[in-house]
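Heads up, the thing below is written out as structure tokens.
The values are calculated or read from the model by the stated rules, or taken from the named source; none is laboratory data. On a predicted model such as this, the values are computed, not experimentally measured, just so you know. Note: ideal-geometry Cβ built from the backbone for every residue, glycine included; neighbour counts use all protein chains shown.
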Amino acid sequence: MDPVTLAVMRGALEQIADEMDLHLIHAAISPIISETNDCAHGIFHPDNGETVAQGRYGLPVFLANMQFTTQNVLAEARRSGGFRPGDIWMLNDPYFGGTHVQDMQLVAPVFIEGELFALLASTGHLMDVGGSVPGGWAPRAEEIHQEGVLVPPIKLYDGGRLNAEVLRMFTANVRLPEQITGDLAAMANVFSVGQRGLETLVARYDAATVRACMDEMIRRSETEMKSYIREIPKGRYVFEDHFDNDGIVDAPMTMRLALSVSEDHLEFDFTGTSPASRGPMNLSRNTAISSCYVALKHVFPEVPVNGGAFRPTEFRIPEGSILAAEYPTAVGGYLEIVGRLIDVIFGALAQAIPERVPAAPFGTTGVITASGMHPELRSYFVGVFPYPGGYGATRGSDGLVHGNTPQSMANFMSIEMSEHRFPIRFEHFSLREDSGGPGTRRGGCGSSYRLRALSDVTVSVLGDRVDHCPFGIAGGESAAPNRVEFGTGGESWIPPLRSKYERAQLHDGDWVAAASPGGGGYGDPLEREIELIEEDLNLGYISPETATTRYGAVAIEIDRLGDRRVYRVDEEQTAQRREALRNAREGDGAAVPAARKDAMPHVR
Amino acid sequence: MNLPLRLARSRATGRLSARSQQAWNERARRMSGLVGIDVGGTFTDLYHAPGDGTPPRILKVPSTPDDPSRGLIEALDAAGIAPDGVAAILHGTTIATNAVIERRGAHMALVTTRGFRDVLELGRRDRPQMYGLSGNHRPLVPRDRRWEVTERLSHKGEVLVPLDDAEVAALAEVLKRQNVEAVAVSLLHAYANPAHEQRVRAILLEACPDWHVVTSTQVVREYYEFERTSTAVVQGYLQPLIGRYARRLGERLGEWGFGADILVMQSNGGLVPVAQLADRAASIVRSGPAAGVMAAARIASAAGFRHVITGDMGGTSFDVAVVLDGSPDVAETTNLDFRMPLRVPMIDVHTIGAGGGSIAHVNRGGMLEVGPRSAGSMPGPVAYGQGGTEPTVTDANIVLARINPDRPIGRGHGLQLELARDSMRRIGDRLGLGVEQTAEAVLAVINQRMAGRMRLLSIERGLDPRDFALVAFGGAGPLHGAALIREVGVQTMLVPPHPGVLCAMGCVIAELRHDLSQTLEKGLEAMDAGDVAAILAAQAAEGRERILTGGIAVDGIAVEHTADMAYRGQIHTVRVPIEPGWPADRIGAAFREVYGAKYGRPLDVPGRIVNLRTSVAGLRAPATGTAADIGEAWHPVEAARRPVHFGGWVETRVYDRAALGPGAAFDGPAIVEHVDTTTVIEPGMRARVDAWNNLLVECA
């Protein structure tokens, strides 16, 4: 293979995928696609459905599951006589490959010189696909039908002809039919961008060369992936973490991973993970695998997104577990599972390559949905506030404050804009002090806010990480847990399931408050530089109590500015106190100080 | 809102300006020279239009980062310009950008509504890059200098909690103890009612008149608390520093003997007089690139090109912008750094890490990649002999003889070709390619990345890349432009007469400009045409006042009004040209037309006005030259011939740009050597010089 052609072809194929992303982001009607890029596009191998290239503007959560969905559609098409030019398949069936029913995937064949040359896919988040709750976040769903209309792999276009009856049937069952019709049309149009791009490439080189380059790109990515795997010390790394509950039954659930690293191969074994839940805390098998790649990509950002990178990996996902959702289990809480899955991979890899891995991020997508009838605008509103939180520290830096989840890039809504659109008022929006896990490098802080209702507002919460905190690594400690609180009729209360509640009725003056977790710490907090502790104290990132008990720092108040105290950390006294703490640890035989130990995940 | 007062003030200053107009006319008769100076990180570029009919002169001298005004004077001296022959000095500068990047701005405080001091630090929930969770963020104002005052407004501007004057006065005493130099005041919903912000400002200034106090609504009167706060903070952070710079610049130019107009380029592509510079400190960030785009837009428009993509390739980056019908695209919000949005209209310049210094390497899969890592100015390309060992794009151009190693731009001595060849050979061996083949591959890969960005920019606007011309400039732009137009399918590349100093030239031809905005956030059904007209009139009056009080005479004032509009429920807005006095249905029709043109078809959903905007331009006499008469095309005489590699070594004609005038025409392959860069014309392409002395390169 000519290396120049290969390098240029790789760029050209990635460019086509990028152009498909941008085309949909530009043309989609719903803001969730046009504003938060909740979509993805790719080019896939015609023989085996492996990813050749995927657009770089789409969301991480679709990283590999597009390939699996496309592979399933390929098999289905073969069973029914194969692809024909002008076919466009459509599906949102999570068990068949997808994420949740809101994500619709379209798959189209590209024929060149009469032969099947490649497959193209477009995934987009539709604002509503029916179900019991507008937008689809139903914390008490017990089966998929409460989350929306299920679309098995069917042909939206058959040989270039729109299957109008199917479209009518589908849009009759969604809340925003005009918008959804427009988005589906925009997605179908994207394929002409991909088709044109591939035709241009074939005209410039020839079909055989382009095809050979696709094969070679996949092989090269495999080589590249293996070179990263070889940097991980061989061994078996086990890690376990837990969920609060499934939204229905108040019992913790377990995510357990044994990661085996051999010469140039990774095996992810999830044996020991909890069985499927009654509530919506379930994940399809393919999205579970996809999430493993998201975690790897966060550790090795240079790894290309291509079927070859997925080859040197193997998965053991127990049948009937929360990682292998089967009909008719609900999957609306899938982002919580994705988040924890990424966490346990960090936890396992931290035992092997702590220098490259972050401690656990805040770990909950924790969507707060506020809905109702606006008393002045006289229209129905749905406000979605996804959880922000702190990132875990790394060897090189303290964790980021107020990040988005690792599988998403979506932003938090503007406070001022929210108050224009919804009958609510924010009472504060603050950095949450003392929420980052202590460590030589401190975990990033979470945040807290309180929303007061100005008329009748229905609030649902679907989150996690109250009972089991984001963990630290390499001797770093856990972050503060999530906390959700309601105030109704003058009484404040914590939801019985702590992180999940469906349809709390708020009236004028009632409120909901959320405090998100920080990220875990990295390294022994007793090793943190005293200048940094002093700064953390004076910036209010940590409390004097934490400085004393977790960091072994002796802080002396030297001034007052307004209502704030100014501290200096005394070097000599701190050294003495740390010495004493270290001696006490050795006496206990414990590697980690006692506080929050109950909340730490179990490491074996 | 106190509209009548503002209008009255504006009328008063109108009279003042009539007098200054006279004085200017007088002066203009004596002096007509214009000097554009763009102070960049590495070089200070000068463009001098003498105004007496003689051709413009250009110059490049090293910048003096410790005191940029010194380099500026040195450039003027080196060019041998007489101070009394110059009517105006027009200036682009990176001083604001550098102060932010290097965190050298003011020791300042931020005052917010109680409960919201962390808005600046939290941002809107994001991370620095899509993959990889490392990296951190340091806000310009740390948390211990962010303070809260008791007060709260509703989204309609009603006072829910009144401001406590005594509390603010007490806070002023605390801020004195913190030794701050500047204070930003950003209160929730202040765009709907700035009274509390103005009161806080008054109390603080009373306590300490030396402070620079910036209110958020002074800078941007729009909703989105984080973006507005961040913008006010950037303004406060830069204001003292930029004020000092403006003063020093005036003094130095005064010592040099210059007493006429000094104007500075803003990032919106318009100029601001140096006297008002401190107040517009946040608006001069990235002014150099904006000036380059303005110049490229003007030149292309005069040369008859409707839509252009401008490509400025330097040592470390490739800056691309889109110009439609002569107007550069404008971005409402630009991120200066991670979680540091600046919400002022800026010419939308997209940057990718592709420049002459971009490093080529073989990745773990055995594939060639180029950039985004750059060798920078130290060690620079391998051929510079400063210790670099990894081959760069410049080394590839040297190995292929596209750059003349004996005549390097901006360097006193020659280049070391053998070192460049050795470095290319090292990666060629791993790829199984020869030295020249490797260099060609490096160019193919970097050109593809740049071409890809150009394609995406046009596709994002729903346009076919083939509808554009490329204006190539910067030190490396004309070296790569031919490959880019071939790759993208663009018909023509335009290389302006002085591609290496285009930003300096852009300063000379720009207008004065002020942009004003205010959030309305109202459905069309609830809109009052009188209210809208009053806001637009007040904005126009304020812009006019700023221009008239700036001490710079103008030929005329142009006012444009637009509305940011969306359908109910949408977050994304489109910008719709409107006129004061239009009723709701007229505005609605204009919105549907713009939306339809951009997204295919309008929706059957109620429309909404989010922001009202007015841009006020102070027009200056055009400073561009005149078109020459082109008679017969003529074949220029080549200055030299040398073998240049285009797939193989080809004996290639080399022309001296200075010897090419309007009407000159020749075929590729050819090399044109300019004082400030090199243009490559590939085999099969044709080149000619147009009536405006632009070099046009066309695909056959």
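Those residues that are small (Gly, Ala, Ser) and closer than 24 Å to residue B:479 by Cα, I need them from segment B:314-330; list them, please.
Within segment B:314-330, B:314, B:315, B:317, B:321 meet the criteria.
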Mind listing whichever residues of segment B:119-141 are within 7 Å of another protein chain (Cβ to nearest Cβ), among the aliphatic types (A, V, I, L, M) and more than 16 Å from residue A:432 (Cβ to Cβ)?
-> B:130, B:133
Failed condition for residue B:205, given (1) in contact with a Phe, Trp or Tyr (Cβ under 7 Å, 6 or more places away or on another chain); (2) more than 10 Å from chain A (Cβ to nearest Cβ); (3) surrounded by 22 or more Cβ atoms within 10 Å (Cβ to Cβ) | (3)
Taking segment A:393-432 and keeping residues more than 17 Å from residue A:514 (Cβ to Cβ), more than 7 Å from chain B (Cβ to nearest Cβ) and buried (at least 24 other Cβ atoms within 10 Å of the Cβ) leaves A:393, A:399, A:407
Residues that are among the β-branched types (Val, Ile, Thr), within 22 Å of residue A:309 (Cα to Cα) and out of contact with any Lys or Arg (no Cβ under 6 Å at 6 or more places or on another chain): find the strands (runs of 3 or more DSSP E) completely inside segment A:28-138 holding 2 or more of those.
-> A:51-54
Exactly one of (1) part of a helix (DSSP H, G or I); (2) in contact with a helix residue (DSSP H, G or I) (Cβ under 8 Å, 6 or more places away or on another chain); (3) within 14 Å of another protein chain (Cβ to nearest Cβ) is unmet by residue B:604. Its number?
-> (1)
Condition test on residue A:483, is it modelled with pLDDT of 95 or more, within 14 Å of chain B (Cβ to nearest Cβ) and touching a strand residue (DSSP E or B) at 6+ places or on another chain (Cβ under 6 Å)?
-> no
Among (1) within 21 Å of residue A:117 (Cα to Cα); (2) within 12 Å of another protein chain (Cβ to nearest Cβ); (3) crowded, with 21+ Cβ neighbours inside 10 Å, the one test that residue A:89 misses = (2)
Pick out, from segment B:463-535, the strands (runs of 3 or more DSSP E) lying fully within it that include 2 or more residues that are among the β-branched types (Val, Ile, Thr).
-> B:492-495
Go through segment A:18-58 and count every residue that is among the aromatic types (Phe, Trp, Tyr) and under 20 Å from residue A:218 (Cα atoms).
-> 1
Filtering segment B:541-571 for residues that are under 24 Å from residue A:26 (Cα atoms), in contact with a Pro (Cβ under 6 Å, 6 or more places away or on another chain) and not polar (S, T, N, Q) leaves a count of 2
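Looking at segment B:119-138 only, could you name the residues that are part of a loop (DSSP other than H, G, I, E, B), of a type outside the set (A, V, I, L, M, F, W, C) and on the phi < 0 side of the Ramachandran plot? Write out each step before concluding.
Step one: list which residues in segment B:119-138 are part of a loop (DSSP other than H, G, I, E, B), which gives B:123-138.
Remaining after also requiring of a type outside the set (A, V, I, L, M, F, W, C): B:123-129, B:131-132, B:134-138.
Once the filter is applied, which keeps residues that are part of a loop (DSSP other than H, G, I, E, B), of a type outside the set (A, V, I, L, M, F, W, C) and on the phi < 0 side of the Ramachandran plot, segment B:119-138 yields B:124, B:126, B:127, B:128, B:129, B:131, B:134, B:136, B:137, B:138.
Given the condition closer than 30 Å to residue B:121 by Cα and free of Cβ contacts under 8 Å to residues at least 40 places away in the same chain, answer yes or no: does some residue in segment B:380-403 qualify? Reasoning before the result, please.
Step one: filter segment B:380-403 for residues closer than 30 Å to residue B:121 by Cα, giving none.
Among the residues of segment B:380-403, not one is closer than 30 Å to residue B:121 by Cα and free of Cβ contacts under 8 Å to residues at least 40 places away in the same chain, which makes the answer no.
Given the criteria more than 27 Å from residue A:418 (Cα to Cα), among the small types (Gly, Ala, Ser) and more than 25 Å from the chain's Cα centre (by Cα), does residue B:538 qualify? Reasoning before the result, please.
Working: more than 27 Å from residue A:418 (Cα to Cα): yes; among the small types (Gly, Ala, Ser): yes; more than 25 Å from the chain's Cα centre (by Cα): yes.
So residue B:538 fits the description; yes.
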The condition from (1) at pLDDT 95 or above; (2) closer than 30 Å to residue B:297 by Cα; (3) charged (D, E, K, R) that residue B:449 misses is numbered (1)
Of the conditions (1) away from every other protein chain (no Cβ under 14 Å); (2) over 25 Å from residue B:499 (Cα atoms), residue B:461 fails just one. Which one is it?
-> (1)
Hey, residue B:198 hits all of (1) touching a helix residue (DSSP H, G or I) at 6+ places or on another chain (Cβ under 9 Å); (2) farther than 24 Å from residue B:34 by Cα; (3) part of a loop (DSSP other than H, G, I, E, B); (4) more than 14 Å from chain A (Cβ to nearest Cβ) but one; which does it fall short on?
-> (3)
Among what's in segment B:359-408 and is surrounded by fewer than 23 Cβ atoms within 10 Å (Cβ to Cβ) and acidic (Asp, Glu), pick the residue that is farthest from the other protein chains (Cβ to nearest Cβ).
-> B:406
Does residue B:82 satisfy being aliphatic (A, V, I, L, M), surrounded by fewer than 18 Cβ atoms within 10 Å (Cβ to Cβ) and under 29 Å from residue B:553 (Cβ atoms)?
-> yes
Out of B:343, B:373, B:339, sole residue that is over 29 Å from residue B:280 (Cβ atoms) and of a type in the set (Lys, Arg) | B:373
Residue count, segment B:399-437 (criterion: β-branched (Val, Ile, Thr) and either in contact with a strand residue (DSSP E or B) (Cβ under 6 Å, 6 or more places away or on another chain) or modelled with pLDDT under 95 (or both)) | 3
Return the total of residues in segment A:306-334 being assigned to a loop (DSSP other than H, G, I, E, B) and either under 21 Å from the mean Cα position of the chain (by Cα) or of a type in the set (Asp, Glu) (or both).
-> 13
Can you run down the residue pairs with Cβ atoms below 7 Å, 6 or more apart or on separate chains, where the first is in segment A:220-241 and in contact (Cβ under 8 Å) with a residue 12 or more places away in the chain and the partner is of a type in the set (S, T, N, Q)?
-> A:221/A:306; A:224/B:363; A:234/A:262; A:236/A:260; A:237/A:351; A:240/A:254
Tally time: how many residues in segment B:99-118 are within 10 Å of another protein chain (Cβ to nearest Cβ) and assigned to a loop (DSSP other than H, G, I, E, B)?
-> 5
Residues (away from chain A (no Cβ under 14 Å) and under 21 Å from residue A:182 (Cβ atoms)) located in segment B:566-588 = B:576, B:588
Counting only residues in segment A:161-188 that are surrounded by fewer than 19 Cβ atoms within 10 Å (Cβ to Cβ) and in contact with a strand residue (DSSP E or B) (Cβ under 9 Å, 6 or more places away or on another chain), the one nearest to residue B:605 (Cα to Cα) is identified as A:167
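Here is a check on your reading of the model: is residue A:1 part of a helix (DSSP H, G or I), aliphatic (A, V, I, L, M) and either within 21 Å of the chain's Cα centre (by Cα) or more than 9 Å from chain B (Cβ to nearest Cβ) (or both)? Steps first, please.
Numbers: part of a helix (DSSP H, G or I): no; aliphatic (A, V, I, L, M): yes; either within 21 Å of the chain's Cα centre (by Cα) or more than 9 Å from chain B (Cβ to nearest Cβ) (or both): yes.
In short, no.
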Name the residues in segment A:18-49 that are more than 7 Å from every other protein chain (Cβ to nearest Cβ), over 28 Å from residue A:76 (Cα atoms) and either of a type in the set (S, T, N, Q) or touching a Pro at 6+ places or on another chain (Cβ under 9 Å) (or both), would you?
-> A:30, A:36, A:37
